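The values are calculated or read from the model by the stated rules, or taken from the named source; none is laboratory data. Quick caveat: nothing in here was measured; it's all calculated off a predicted structure. Every residue, glycine among them, receives a Cβ derived from its backbone with ideal geometry; neighbour counts consider all protein chains shown.
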Amino acid sequence: MISIGLIGAGRIGKLHAANIAASAKAKLACVADAIPAAADALAADYGIPAVTVEAMLADPSVDAVFVCSSTDTHADFTEQAALAGKHVFCEKPVDTSTDRIRACLDTVEKTGKQLMIGFNRRFDPNFASVRARIAAGEIGDVELVQITSRDPSAPPIDYVKRSGGLFRDMMIHDLDMARFLLGEEPVSLFARGSCQVDEEIGKVGDVDTAVAVLETASGKICQISNSRRATYGYDQRIEVHGSKGMLSAGNCRATTVTFANADGYQVDPALDFFLERYGQAFVNELNSFVDLCEGKDVAVPLGYDGLRAQLLADAADASVRDGQLKQL
């Protein structure tokens, strides 16, 4: 069992805290946050100490650190934790600057410690099954991938301002999923974006509706569709077409019950948001991180995957701004 310190007591930090505390493979040792009251409240929930980051990293009983703080602190805390001899799980992105990400990865590599990036969708049982069946050759050679990702509503403007934009905050998950499903690195990308959901998002220089088309050297194509509005719930679907068939994974609903009467058929809407939709994915993600720390041979998104997704997000943002196809 490994001992984990948590940096960040916000929404995603609370989710990871609950999963670590409930795990038979890990122990939640302590929590730190820039807002002491937030750390105190979360620590009280689990009967653990609220500490400073410095104290956490100096504690030899802490084996690993979850970095779930604000984005602008990820790279610094990741480096500090690795240099202190801790394995690191870092929520995406490591940083909004690819140069800073590269510097961080270089530092971590020199320590010999593991760095896993929080691309939780790879661990969704449905998406993971699609990937495994692709690898087993069920649909032959992958030719076309379609990824749909639409939030039920737009985030607060204050969040948008510091998020890095739709491509670096939202689509980055889909860009990682594209690499995961294509099995090859994209070599070109073209994106379009507009503001149709909330005009305030446009005023701060972001978009709320976007598509991106990626192509690999062998001609495999992936199309991604994003929107900050889906009136029917959290829309998360993938489809992979190959030379021998097709695999797809649809939305998750509260139940699979269908009601039919003279007015037609009715089903439950898609689950509300990522906390519900990807609940099991986050548990599987934690278990894989523990296996990684224990030296087991597991396939997980590492620092390089975080860098590659960020490069794709940057290319998508640039493509929208100048209307040009980007070579990667």
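For the range 261-279, indicate whether the set of residues that are without any contact (Cβ under 8 Å) to a residue 12 or more places away in the chain, among the small types (Gly, Ala, Ser) and not assigned by TED's automatic domain parsing to the domain that holds Ala132 is non-empty.
Let us first name the residues in the range 261-279 that are without any contact (Cβ under 8 Å) to a residue 12 or more places away in the chain, namely 261-266, 279.
Cutting the leftovers down to among the small types (Gly, Ala, Ser) gives us 262, 264, 279.
Subsequent filtering for residues that are not assigned by TED's automatic domain parsing to the domain that holds Ala132 retains 279.
Yes, there is a match, as at least one residue in the range 261-279 is without any contact (Cβ under 8 Å) to a residue 12 or more places away in the chain, among the small types (Gly, Ala, Ser) and not assigned by TED's automatic domain parsing to the domain that holds Ala132.
Condition first: of a type outside the set (Asp, Glu), under 24 Å from Val142 (Cβ atoms) and not in a strand (DSSP E or B). Can you find one or more residues in the range 199-218 that meet it?
Yes, the conditions are met somewhere in the range 199-218.
If you go through the range 66-74 one residue at a time, do you hit one that is at pLDDT 95 or above, surrounded by 20 or more Cβ atoms within 10 Å (Cβ to Cβ) and over 21 Å from the mean Cα position of the chain (by Cα)?
Checked the range 66-74: no residue is at pLDDT 95 or above, surrounded by 20 or more Cβ atoms within 10 Å (Cβ to Cβ) and over 21 Å from the mean Cα position of the chain (by Cα).
Tell me which residues, restricted to the range 1-27, are more than 20 Å from Leu275 (Cα to Cα) and in a strand (DSSP E or B).
Result: Ile2, Ser3, Ile4, Gly5, Ala26, Lys27.
Listed residues Ile35, Ile7; which is in contact (Cβ under 8 Å) with a residue 12 or more places away in the chain, surrounded by 23 or more Cβ atoms within 10 Å (Cβ to Cβ) and not aromatic (Phe, Trp, Tyr)?
On the way: Ile35 fails: surrounded by 23 or more Cβ atoms within 10 Å (Cβ to Cβ).
Answer to the check: Ile7.
In the range 244-260, what count of residues is obtained for those that are in contact with a helix residue (DSSP H, G or I) (Cβ under 7 Å, 6 or more places away or on another chain) and in a strand (DSSP E or B)?
Total satisfying the criteria: 2.
Within the range 97-194, considering only strands (runs of 3 or more DSSP E) that don't extend past its boundaries, which have at least 2 residues that are closer than 22 Å to Ala318 by Cα?
In the range 97-194, the matching strands (runs of 3 or more DSSP E) lie at 142-150, 186-194.
How about the range 219-239: which of its residues are assigned to a strand (DSSP E or B) and either under 20 Å from Pro186 (Cβ atoms) or of a type in the set (D, E, K, R) (or both)?
Across the range 219-239, the qualifying residues are Ile221, Cys222, Gln223, Ile224, Ser225, Asn226, Asp235, Arg237, Ile238, Glu239.
Could you please let me know if Ser97 is within 17 Å of Ala32 (Cβ to Cβ), out of contact with any strand residue (DSSP E or B) (no Cβ under 8 Å at 6 or more places or on another chain) and surrounded by fewer than 23 Cβ atoms within 10 Å (Cβ to Cβ)? Spell out how you get there, then give the answer.
On the way: within 17 Å of Ala32 (Cβ to Cβ): no; out of contact with any strand residue (DSSP E or B) (no Cβ under 8 Å at 6 or more places or on another chain): yes; surrounded by fewer than 23 Cβ atoms within 10 Å (Cβ to Cβ): yes.
No.
Look through Ala103, Ala29 and report the one residue that is crowded, with 20+ Cβ neighbours inside 10 Å, of a type outside the set (Asp, Glu) and at pLDDT 95 or above.
Ala29
For residues in the range 273-282 being assigned to a helix (DSSP H, G or I), of a type outside the set (Lys, Arg) and buried (at least 18 other Cβ atoms within 10 Å of the Cβ), which is modelled with the lowest pLDDT?
Going through the qualifying residues, I end up with Phe274.
When only residues in the range 284-301 that are among the aliphatic types (A, V, I, L, M) and surrounded by fewer than 16 Cβ atoms within 10 Å (Cβ to Cβ) count, which is nearest to Thr96 (Cα to Cα)?
Residue satisfying both the conditions and the ranking: Ala299.
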